[in-house]
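Novice: Supplied in structure tokens, the structure appears directly below.
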Amino acid sequence: MVKYIIKRLAMGIVTLFFLVTVTFFLTRLMPGSPFETDNISPAILASLEEHYGLDKPVEEQYVLYLRELLQGSLGISYKKSNVSVNDLIKDGFPVTLKLGLISFGIALVVGTVIGVWMSVTKSEAVRGWLLAGSTVFISIPGFVLAIVLMLVFGSELKVLPVIFDGSFASYILPVTALAVYPIAEVSRLVHSSYDDAMNQDYVTMARAKGISKKRVMFLHVLKNALLPLITVSGPMLAFQITGSFVVESIFTIPGIGKEFVNSVNNRDYTVIMGLTIFVGAIIILANLLSDIICAMVDPRIKLGKS
Amino acid sequence: MRKIKELSKKLFAIGLSTVMLTSMAGCGSSSSSTQGNTDTSSGGAGSGSAEKVIVTADGELDGSLDPAGFALQSWNGFARLCSLPLISYDENGNVLYEAAESYEISDDQLTYTFHLREEAKWSDGSAVTAADFLNTIHRALDSETSGSVYADQLFVIEGAQEAYEGTGSMDAVQAIAEDDYTLVFHLAKPCAYFTKLLALPVYYPSKTGVAVSGTDWYKDPETCLCNGPYMLTEFVQDQYYTVEKNPYYFDADNVKIDKIINQTITDTQSVIAAYTSGEVDVASGLPDYIETQYADSDELYIWSMITTTAVMPNVNVEPLDNELVREAIALALDRSSICASMGTNYEPTYAWVPKYMTSNKGGGYFYDEVSHFSENAERAKELLAEAGYPEGEGFPTLTYTYPSNDKDAILAQAIQAQLKSVLNIDIQLEAQETEVYNTTKREGTFELLRYNWTADFTDPINYLALFTSDSALNFNGVSDEAYDEAIANSNNAATQEERNTYLHEAESILVDENFYIIPVSTMHYVGLRNPAITGVTYNDKGESNYRFADLTE
């Protein structure tokens, strides 16, 4: 197990290294300077490039960047004076993390409840509606939902704030926008795996042994039905806590998703690269974590033996 | 034994998930404020409380608030609230005395002497002195630390260019504090538009000893001292900043607004939503459909940009080296239909100096003082035939290079279609990413290029000086003696009236006679403003100023 984790971590670092190298050279391959604006004079441009070390050969810049990276520094923003990428992450990530964890938690609980409900309900109508609902919400992109929520509850009804300010009310719309897709995803997954589990022999066996239906449903079946959920929850968690780019922009949430969008719009290369590396590292870690939890819960899974 | 091991594994897993869940729950309940900015939701105009608060919204803004640093749009908005230059101009081009109460120009036009207001104070109560203006100038000229994109606009001062380039010392820069309240500029050569340059950040004051390059002084209200109507009280990078009435502003009695919050909202939809929900009072940079939607509303406000978009022909490339060909292209375009396809906020223009640039001699726009060329499809065909390409026969396919974005793509396609239908010539379109496009432009490796210039300062020379043969920003290889002479004459003119004549002569050579540049359109920004806000004034760039604004019920 420990060996496996070390191996996975090492693989993660290699992946990150490739990520760094590719993004670095891709951003440098493009001709032109990040400081180019219509009105800038060539002398000033040269002086700015020199200030940020962009006049050095690309290989030298790359080595410098790697050296900085090893010391934990992701570089300085080209477009915001005196702002390091580390600062941006330090300020933005807690906000993104909080929103992501809340919506992830809600998605797990609500999604599981709806999924089980779909499976155990005797009413075809209820199941039909729930299925239809989850199909609709799994197909609506988060940003569309975010805009609709903003227009309805912000602009029209004026009951909830459009601009995120950290108050409880301002969490409601973005969390909803972020949670709806995973709720639909979780409910469908739980529904299908729950149905599978219901048809297993051990259910009949347990019932035959005289264990109450409720106990079988919620203890025996649910436990097994949730296994696939753990597998998908790693990537899902990573997705939720690395920030929904668009939802953060729409609700003006000062998280890293919004920073990402801005840095792309402004062509702020160091910020784009720094955030890519950071997000990449989180995705790698989250996947590893979900694999480990999976192996712990399900003895049939042997890590590193597949 | 095996069972115990399994059990412990399971317990660990359950424990881990519990920890995760509780951490989420914790997040849910403790909604500690991330920005503590409750005014945005409760504020807004006409709230009836004693405190008058305006919330404005801007998109993501680049740069810093240091006038000697990387000062771009963000500085511009901030400076209009919190900083006073020496003098400025109102929308009609009249001088407003700000930090200076008077100024004189020597007879040889080489020395400008500004007398500062002794009653002008920084927001900590200390005096604004000539040294504070030099603090910005010297820091901007220190190429090691400045990062200022406007440093070259200081080069009119004797010794400034040498100091920036490292060939001269900072002490030799002829911007001199004669005493605390007398600031003198000795210019390298006459510069009839020098007072217009004072609107640039590098000519604004920054407190000596406090505003130091390479530090974050402008993010901290303690060190970000202001000499304007408002002063910084809170700054949160990329989210918002708050300014409040500055009690030390020399005209503080006339400032009626207590607090202005500038909220950063990047998403256009969100800005509109925040405006409709009443969370912000002023929203700017909105899409053109807002103009139609709010056409009859007193909430709509329009900011006519001092900008020109043009087609730049490379005059060193065949057949664009032929004046007849350039003129044919200029006359063939139907600008009204081009602008109509781009949006209601675009309008045709027939001159290089923007439509809404105030005249150097004051009173009205430079554009309106003379007549310009006019479109004529028939004449365009004749011109092309005269050039040796009747009905476009034998005309090579030219490439039109433009930066890759929606509006410029529409413009490019419209130009392509019109030149095909009127002149029967083929234009190949090449969209490039902004940096690539800028490099193409700078290196002059284009045939036809979308060219746009937005005014740095409000004098026609800002546009006309670009095309002198020694200009570093002359990208299409214009080299015309008559033009250079007209510009030189304008710089040496004794009066602004005389200078005005030379400037028009220069523009006529540039556009109407030679079509070195083919003007197409200008644009305005669309904004929404709570009608309860009154008393908004405008500067010579048409930008709103909330200095004497008020909130009515």
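The values are calculated or read from the model by the stated rules, or taken from the named source; none is laboratory data. Quantities reported herein were computed from a predicted structural model and do not represent experimental measurements. Reconstructed Cβ throughout: ideal geometry from the backbone, glycine too, with neighbour counts over all protein chains shown. Just so you know, the surface numbers come from the protein's heavy atoms only, side chains and all, with ligands and any DNA or RNA stripped out. Shrake-Rupley method; radii C 1.70, N 1.55, O 1.52, S 1.80 Å.
Novice: Give me the angle, in degrees from 0 to 90, between the Cα long axis of helix A:227-241 and the longest principal axis of the Cα atoms of chain A, rounded to the nearest 10.
Specialist: Computed tilt is about 30 degrees.
Novice: Rounded to the nearest 0.05, what FRET efficiency is calculated for A:Glu49 and A:Lys90 with R0 set to 22 Å and r the Cβ-Cβ distance?
Specialist: Approximately 0.20, to the nearest 0.05.
Novice: To the nearest µm²/s, what D does Stokes-Einstein give for the stretch B:307-525 at 4 °C and 1.567 mPa s, using the Kirkwood radius over alpha carbon pairs as Rh?
Specialist: 74
Novice: Placing +1 at every Lys and Arg Cβ and -1 at every Asp and Glu Cβ, with all other atoms neutral, what dipole size does the stretch B:306-365 have around its Cα centre, in debye to the nearest 20?
Specialist: The calculated dipole for the stretch B:306-365 is roughly 360 debye.
Novice: Calculate the length of the line joining the C-alpha centroid of the stretch B:309-377 to that of the stretch B:483-547, in whole Å.
Specialist: When both Cα centres are located, 14 Å separates them.
Novice: Calculate the all-directions average of the projected area of the stretch B:83-203's alpha-carbon convex hull, and give it in nm².
Specialist: Taking the Cα atoms of the stretch B:83-203, their convex hull projects to 7.8 nm² on average.
Novice: Answer with one residue from B:Ser297, B:Thr266, B:Val236: the one whose Cα lies farthest towards the positive end of the charge dipole of the stretch B:189-298, charges on Cβ with Lys, Arg +1 and Asp, Glu -1.
Specialist: B:Val236
Novice: When DSSP assigns beta bridges and you keep just the ones with both residues in the protein assembly as shown, what percent turn out antiparallel, to the nearest 5?
Specialist: Taking every DSSP beta bridge within the protein assembly as shown, about 80 percent pair in antiparallel fashion.
Novice: Another question, then. So what's the gap between the Cα centers of the stretch B:122-150 and the stretch B:55-76, to the nearest angstrom?
Specialist: 17
Novice: Further, regarding this structure: Return the subset of A:Lys79/A:Lys258; B:Lys207/B:Lys361; B:Lys381/B:Lys420; A:Lys79/B:Lys207; A:Lys79/B:Lys259; A:Lys56/A:Lys79 for which the Cα-Cα distance in this structure is over 22 Å, preserving the input order.
Specialist: Flagged as over cut-off: B:Lys207/B:Lys361; A:Lys79/B:Lys207; A:Lys79/B:Lys259.
Novice: With the crude spin-label approximation of a point 7 Å out along Cα→Cβ, what separation in nm comes out for A:Glu60 versus A:Phe218?
Specialist: In this crude spin-label approximation the distance works out to 6.9 nm.
Novice: Is the shape of the stretch B:349-454 best called rounded, prolate or oblate, per the rule: a/c under 1.5 gives rounded, else a/b larger than b/c gives prolate, else oblate, with a ≥ b ≥ c the square roots of the Cα gyration tensor eigenvalues?
Specialist: Verdict is oblate for the stretch B:349-454.
Novice: May I ask for the net charge around A:Thr135, where only other residues with Cβ less than 12 Å from the Cβ of A:Thr135 are counted and Lys, Arg are +1 while Asp, Glu are -1?
Specialist: Taking every other residue near A:Thr135 into account, the sum is 0.
Novice: Would you list A:His51, B:His524 from the most to the least accessible area, probe 1.4 Å?
Specialist: Sorted by accessible area, descending: A:His51, B:His524.
Novice: Here's a follow-up. Give the lysines whose C-alpha is closer than 19 Å to that of B:Lys441, dropping any in the same chain fewer than 8 places away, or say none.
Specialist: Here the lysines satisfying the reach criterion relative to B:Lys441 are B:Lys407.
Novice: Going toward the positive end of the dipole of the stretch B:307-525, with +1 on Lys and Arg Cβ and -1 on Asp and Glu Cβ, which of B:Asn322, B:Ile338, B:Leu449 do you reach last?
Specialist: In the stretch B:307-525, that residue is B:Ile338.
Novice: Just how large is the dipole of the protein assembly as shown about the Cα centre, in debye to the nearest 20, putting +1 at every Lys and Arg Cβ and -1 at every Asp and Glu Cβ?
Specialist: Here the protein assembly as shown has a charge dipole of around 8120 debye.
Novice: Oh, and also: Rg (Å, one decimal) plus Dmax (Å, integer) for the alpha carbons of chain B?
Specialist: Taking only Cα atoms of chain B, I get Rg and Dmax of 27.3, 103 Å.
Novice: In terms of modelled amide H atoms, which long-range or inter-chain residues lie less than 5 Å from the amide H of B:Gly285?
Specialist: B:Val526
Novice: A follow-up question, please. Please report the antiparallel percentage of the DSSP beta bridges confined to the stretch B:307-525, to the nearest 5.
Specialist: Bridges in the stretch B:307-525 that DSSP calls antiparallel: roughly 65 percent.
Novice: In whole Hz and in residue order, list the ³J(HN,Hα) couplings for the stretch B:341-357 that follow from phi through the Karplus curve 6.51 cos²θ - 1.76 cosθ + 1.60, θ = phi - 60°; x for Gly and Pro.
Specialist: 6, 7, x, 5, 8, 10, 9, x, 9, 10, 9, 7, 5, x, 3, 9, 7
Novice: Another one. Using a 7 Å offset from the Cα along the Cα-to-Cβ direction at both B:Ala482 and B:Ile176, what is the distance between the two label points in nm, to one decimal?
Specialist: 4.3
Novice: Could you give the dipole magnitude of the stretch B:83-203 about its Cα centre, charging the beta-carbon of Lys and Arg +1 and that of Asp and Glu -1, in debye to the nearest 20?
Specialist: 260
Novice: To continue, here is another question. Compute the separation of the alpha-carbon centres of the stretch B:277-305 and the stretch A:148-190 and state it in Å as a whole number.
Specialist: One Cα centre to the other: 26 Å.
Novice: Same structure again: Shape verdict for chain A, please, from the Cα gyration tensor: rounded (a/c under 1.5), prolate (a/b greater than b/c) or oblate.
Specialist: In terms of gyration-tensor shape, oblate.
Novice: Another question, if that's okay. Shape of the stretch B:488-553 from its Cα gyration tensor (a ≥ b ≥ c, root eigenvalues): rounded if a/c is under 1.5, otherwise prolate when a/b > b/c, or oblate?
Specialist: It is oblate, given that a/c is not under 1.5 and a/b is not larger than b/c.
Novice: Report the local net charge at B:Ala160: Lys and Arg +1, Asp and Glu -1, summed over other residues whose C-beta lies under 13 Å from its C-beta.
Specialist: Here the count lands on -4.
Novice: Taking the dipole about the Cα centre of the stretch B:307-525, with the C-beta of Lys and Arg at +1 and of Asp and Glu at -1, give me whichever of B:Phe515, B:Leu466, B:Ile427 is farthest to the positive side.
Specialist: B:Ile427
Novice: Add +1 for every Lys or Arg and -1 for every Asp or Glu among the other residues with Cβ under 15 Å from the Cβ of B:Gly527, and state the total.
Specialist: -4
Novice: Please determine, in degrees from 0 to 90 and to the nearest 10, the orientation of helix B:434-443 with respect to the longest principal axis defined by the Cα atoms of chain B, where the helix direction is its Cα long axis.
Specialist: For B:434-443 against chain B, the angle is about 40 degrees.
Novice: Right, something else. Run through every distinct alpha carbon pair of the stretch A:142-210 and return the Kirkwood hydrodynamic radius in angstroms, one decimal place.
Specialist: 14.9
Novice: Only Cα pairs within less than 10 Å get springs; with that Gaussian network setup on chain A, which residue of A:Glu185, A:Glu59, A:Glu259 has the largest fluctuation?
Specialist: Residue with maximal mean-square fluctuation among A:Glu185, A:Glu59, A:Glu259: A:Glu59.
Novice: Please list, by residue number, every one of the trypsin sites (Lys or Arg not before Pro) in the stretch B:445-539 that is coil in DSSP and has at most 12 other beta-carbon atoms within 10 Å.
Specialist: In loop regions of the stretch B:445-539 (DSSP not H, G, I, E or B), there are no sparsely surrounded trypsin sites (Lys or Arg not before Pro).
Novice: Pull up all non-local amide H partners of B:Leu429: gap of 5 or more, or a different chain, and H-to-H distance under 5 Å with H placed in the peptide plane.
Specialist: The answer is B:Tyr400.
Novice: Using Cα springs under 10 Å in a Gaussian network model of chain A, which residue among A:Asn224, A:Asn287, A:Asn82 shows the largest mean-square fluctuation?
Specialist: The residue with the greatest mean-square fluctuation here is A:Asn82.
Novice: Short version: ³J(HN,Hα) in whole Hz for each residue of the stretch B:520-534, in order, from phi by Karplus 6.51 cos²θ - 1.76 cosθ + 1.60 (θ = phi - 60°), x for Gly and Pro, what are they?
Specialist: 10, 8, 10, 9, 10, 8, 10, x, 10, 9, 4, x, 5, 7, 10
Novice: Which ³J(HN,Hα) values in Hz, rounded to whole numbers, follow from the phi angles of the stretch A:251-260 under the Karplus curve 6.51 cos²θ - 1.76 cosθ + 1.60, where θ = phi - 60° and Gly and Pro get x?
Specialist: Going residue by residue, I get 9, 6, 8, x, x, 6, x, 5, 4, 4 Hz, with x marking Gly and Pro.
Novice: Out of the chymotrypsin sites (Phe, Trp or Tyr not before Pro) in the stretch A:172-234, which ones are loop residues according to DSSP with at most 12 other C-beta atoms within 10 Å?
Specialist: Counting only loop positions with at most 12 other Cβ atoms within 10 Å, none of the chymotrypsin sites (Phe, Trp or Tyr not before Pro) in the stretch A:172-234 qualifies.
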